[in-house]
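To keep things clear, I will list the structure first and then write my remarks on it.
The values are calculated or read from the model by the stated rules, or taken from the named source; none is laboratory data. Just so you know, these numbers come straight off a predicted model, no measurement behind them. Cβ coordinates were reconstructed from backbone atoms using ideal geometry, including for glycine residues, and neighbour counts include every protein chain displayed. When the accessible area is computed, the model is the full protein with side chains, heavy atoms only, and any ligands, DNA or RNA have been set aside. Shrake-Rupley method; radii C 1.70, N 1.55, O 1.52, S 1.80 Å.
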Amino acid sequence: MTTSSALKSYGPLQFPDRAGLARWQFTRAQRLGLIPGPDVASDRWSAAAFNDAVARLDTIRQAVGTMPDVGATRAEEHLADRFSITVHSGAAAELARRGHLPVRGEYRDRPLYCGLALETFRDRRKVERASAAGRLHMRDAAAEVLRVRESDFDHLVRAGLLTYSEIVEGQHHTQVRLYRQADLDRLARSRRIDWPAVHATPAGRRSPLASLPTKSAGR
């Protein structure tokens, strides 16, 4: 509900508050060109601009949708509920990587994904593909995907043949590196590695991967 007391001009907090818009709705309406930029000063709107927006509130609310920009977990939960499928962690980042889900800022150094794009997303197949390719694994699980020992996995990382996709905070404030399924699949198809020999090496024997050159910091 809008306020009954009019002002001569409105700041970036007064405008949405008095118009009855959430801050994210106001920001998105500006991004969509539904509310113009400040016309009185660098950060203030005239009463005329405010009144014009208020007269179009129903149209603005419909256009900006009902979902604010959200982090990866909420984005993936939304897609899982929408399509009634399992959506793995990493799917939101993969959708963004593929150009299907815009990033609209960040919160605590983590990306925020466009709520409007999520709300209007219709392509189940794109979500399934992104979930499969973007799925994230911790080091031990990633080693299992490649069917190698964890020491072998460390050789692959040391040689620069595999890099982590994301870092999250684990227990006791430790940093946990996560590896992307698509990167593991790509490496598993690589002809640079004699995979039969690696998989046939018994426990306690030197791995063929131990002879891989260490990637230098400048490379």
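See the values below:
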item: Residue among Ala41, Ala49 that is more than 32 Å from the chain's Cα centre (by Cα) and loosely packed, with under 13 Cβ neighbours inside 10 Å; result: Ala41
item: Among (1) open to solvent by 40 Å² or more (accessible area, probe 1.4 Å); (2) outside any helix (DSSP H, G or I); (3) among the β-branched types (Val, Ile, Thr) - the single one Thr73 does not satisfy; result: (2)
item: Count of residues meeting criterion [without any contact (Cβ under 8 Å) to a residue 12 or more places away in the chain and in a helix (DSSP H, G or I)] in region 90-125; result: 1
item: Qualifying residues in region 3-38 (those that are surrounded by 15 or more Cβ atoms within 10 Å (Cβ to Cβ) and of a type in the set (S, T, N, Q)) - the one farthest from Gly115 (Cα to Cα); result: Ser9
item: Test result for Leu112, in contact with a strand residue (DSSP E or B) (Cβ under 6 Å, 6 or more places away or on another chain), within 30 Å of Phe26 (Cβ to Cβ) and modelled with pLDDT of 95 or more; result: yes
